[in-house]
Amino acid sequence: MLRLAIQSKGRLNEDCASLLREIGISVDDSKRKFISKSANFPLEVLYMRDDDIPQVVPTGTASLGIVGLNEVEEKGFDVTVEAKLGFGVCRISLAIPKTEQYDGPDYFNGKRIATSYPNILRKFLPGKGVKADIEVITGSVEIAPAAGIADAIFDIVSTGGSLVSNGLKEVEKVFFSEAVLISSGKLSDEDRESLDEILFRLDSVKVSRGQKYILMNLPEDVVDEAIRILPAMRSPTVMPLAAKGWCSMHSVVNADRLWEKIHQLKSIGAEGILVLSVDKIIP
Ligand code: ATP
Ligand code: MG
């Protein structure tokens, strides 16, 4: 049976739990222990600190893990990235006090940089011809310059709000991360089959994310124009209405472009436009 390691609490926990729900794997985490077994899929969930996930997968304690790519890269264990999951998006950046002038990576020569990601930083600096002292600290890295522990930091940034509130500015974006599904790459045939099913379901979640189902009534003579506005997966569904000269057209549209499409459709005579959420799309 597959065993999936996820973060027990923290930023990735809630998104992992909703992703499992979205792909139809129910895990009872109300009386959550260290391990919970799914009621409807051959999978157990193991809850742990995110730092440990890249290690328990290659050692075989868990067959799969969901963790930030930043942790995978930092720990350097040999794992296979099976899927990118689109949440936990962040980057690891170099930041310096905002009053400092910055003219390029040379700035960091001879400086002390505080970080929880020394390995990623050690890979980056030599390529830029920089020799700096790396101070490894595990929490509250962003206060290191103000506390006099370091001149600069190398830390996770998502919105940048925490940098600003600590008087820092981001000067080099070094590593881009999101949550990923990892495996050891050495699964039994049975586990591989279950993983393939998970990957299939993840694909359908990814495809349906941000999509809306749209249906409307249209004068028949503008159908071709409406199809140009709304190209569907294969082609939109068009059905006759009881009222002569009218039809109903159904399609799927990306939520980002929804309002633009609605205005174009209204301008050619569409009426009674309905927009519905899409639960799953199986391409
Ligand atoms: P744990 O107690 O499990 O070790 P943690 O404190 O190390 O938790 P979190 O802060 O919960 O970790 O972050 C987990 C992951 O979420 C990070 O490794 C990163 O991949 C991702 N992440 C996304 N945005 C951010 C952000 N703004 N700050 C921190 N992590 C982020
Ligand atoms: Mg951690």
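Observations
- Pick from the stretch 250-279, criterion assigned to a helix (DSSP H, G or I) and charged (D, E, K, R), ranking: nearest to Gly210 (Cα to Cα): Asp256
- Across the stretch 50-73, the number of residues qualifying as near ligand 2 (Cβ under 10 Å from one of its atoms) and of a type in the set (Gly, Ala, Ser) comes to 1.
- Members of the stretch 73-105 found to be within 15 Å of ligand 1 (Cβ to nearest atom), under 23 Å from Lys128 (Cβ atoms) and either open to solvent by less than 30 Å² (accessible area, probe 1.4 Å) or of a type in the set (A, V, I, L, M, F, W, C) (or both), listed by number: Glu74, Cys90, Ile92, Ser93, Ala95
- Residues (closer than 11 Å to Leu181 by Cα and either of a type outside the set (S, T, N, Q) or within 16 Å of ligand 2 (Cβ to nearest atom) (or both)) located in the stretch 74-91: Val79, Val81, Glu82, Ala83, Lys84, Leu85, Gly86
- The stretch 221-277, residues that are open to solvent by 20 Å² or more (accessible area, probe 1.4 Å), of a type in the set (S, T, N, Q) and without any contact (Cβ under 8 Å) to a residue 60 or more places away in the chain: Ser235, Thr237, Asn254, Gln264, Ser267
- Gly129 being under 22 Å from the mean Cα position of the chain (by Cα), surrounded by fewer than 14 Cβ atoms within 10 Å (Cβ to Cβ) and free of Cβ contacts under 8 Å to residues at least 60 places away in the same chain: no
- Sole exception among (1) open to solvent by less than 60 Å² (accessible area, probe 1.4 Å); (2) in contact with a strand residue (DSSP E or B) (Cβ under 7 Å, 6 or more places away or on another chain) for Lys173, by number: (1)
Table: residues versus (1) buried (at least 17 other Cβ atoms within 10 Å of the Cβ); (2) of a type in the set (Ser, Thr, Tyr).
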position: Ile23; (1), (2): yes, no
position: Ser26; (1), (2): no, yes
position: Phe34; (1), (2): no, no
position: Asp52; (1), (2): yes, no
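- Filtered residue count, the stretch 148-170, keeping only those that are open to solvent by 30 Å² or more (accessible area, probe 1.4 Å) and not polar (S, T, N, Q): 8
- Strands (runs of 3 or more DSSP E) fully within the stretch 1-80 counting 1 or more residues that are free of Cβ contacts under 8 Å to residues at least 40 places away in the same chain and not basic (Lys, Arg): 35-37
- For the stretch 138-147, the candidate set comprises residues that are open to solvent by 40 Å² or more (accessible area, probe 1.4 Å) and under 29 Å from the mean Cα position of the chain (by Cα); within that set, the residue that is nearest to Lys173 (Cα to Cα) is Glu142.
- Only listed residue being under 15 Å from the mean Cα position of the chain (by Cα) and open to solvent by 70 Å² or more (accessible area, probe 1.4 Å), chosen from Lys186, Lys206: Lys206
- Test result for Ile214, within 30 Å of Thr59 (Cα to Cα), part of a strand (DSSP E or B), in contact with a strand residue (DSSP E or B) (Cβ under 6 Å, 6 or more places away or on another chain) and modelled with pLDDT of 90 or more: no
- Selection within the stretch 132-165 - in contact (Cβ under 8 Å) with a residue 12 or more places away in the chain, touching an Asp or Glu at 6+ places or on another chain (Cβ under 8 Å) and not hydrophobic (A, V, I, L, M, F, W, C): Glu142, Pro145, Asp155, Ser162
The values are calculated or read from the model by the stated rules, or taken from the named source; none is laboratory data. All of these numbers come straight from a predicted model, not from anything done at the bench. No Cβ is skipped: glycine too gets one built from the backbone with ideal geometry, and neighbour counts run over all protein chains shown. With ligands, DNA and RNA removed, areas are computed over all heavy atoms of the protein, side chains included. Shrake-Rupley method; radii C 1.70, N 1.55, O 1.52, S 1.80 Å.
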